[in-house]
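Right, one structure below, let's go through it.
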């Protein structure tokens, strides 16, 4: 396929810039041992361990690495992500898609995204770089997206211990140093730093929400604001505190797991209690769709004391943004489906792989705390008919304030349910958040009551 000269230039420039960030090493003088940083026994392997060095040498290494990046405009917020190759190698790409889809053009002008590709897998590094350069070439060229990769010299030796203890220490050290490098690099990019993970999705307009919270708290000093209650995602710091935090991570790089020093950091700077900011804006993405279709097959994790959502396909005729997918409304985690431009007749339908007799159906829309983006007028219908298909639907109930929790009274001779459908019954301005569709199978619910 032929392309214009401008398109080809943008694509090639994006790839070149990204590969530059990935392949950056410490300055040549240091690599050649020219009295810049003494490093004995340095090897070229990414997995090799270096002799321990004072923290001053570590900071010198990172600062010389950073001088190779061109000077850029300072922004209000830097989002920092440390990424590794996982079972799903596209976790970082999904996170970036969610992040940019959840922020407006005006918000993106105040935003820098800094991703540390912290894995030593060169195939993953190359593939991830190529994919991101294709999807986000404009963000790269405008300086909104930066990718970095720590040189092997940044990682100190892990000493002491045997067996499981040594393995645990290596795991602690890798994560702590990964994040120390990320934070050191981010220090001068913006006024504030937001820590995310590489398998996260973002609530719409999260930048504006964070800005409003920071503005409201200006009279009061703070060290750490938490915009999620899950792990280390959604943690906001002042960028001026990042060098101290990076130093703190390095002091205990092999003794403590990453969350311990980060969550303890605010007490060191005299913030006595955690500050949780609601509504939460960031959630872990536990799984991903495998195609670009509007239909996804879901096999949820079972909780014996919760809903019994069994394997099903989820599809919709609503807009799918590419950040929050239909199946996320049916998953048994904190994910959700987000869409906009709601019209009468729009629906979100769960088609069970095997029809079931249900005893309860719960549908929740809107944000947890404020109830924003709830479905203003809608109903839930049950579908009956052939397996993996629904010949007819009957009304189960209407949503009230965007929610419905309905127990189904039926005898054992009633037909099993094949589909559960959420139907929009009126135009709605703004977006729609479908938090979850939970189903309880009759037998499963009775067993749960017996156990409790």
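Here, each number is a calculation from the coordinates, and none is a lab measurement. These numbers come from a predicted model, not from an experiment. Quick reminder, even Gly has a Cβ in these numbers, built from the backbone with ideal geometry, and neighbours come from all protein chains shown.
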Given the C-alpha centroids of the stretch 98-162 and the stretch 315-372, what is the distance between them in whole angstrom?
31 Å
For peptides 324-333, 95-104, sequence by mean Cβ density within 10 Å, most packed first
324-333, 95-104
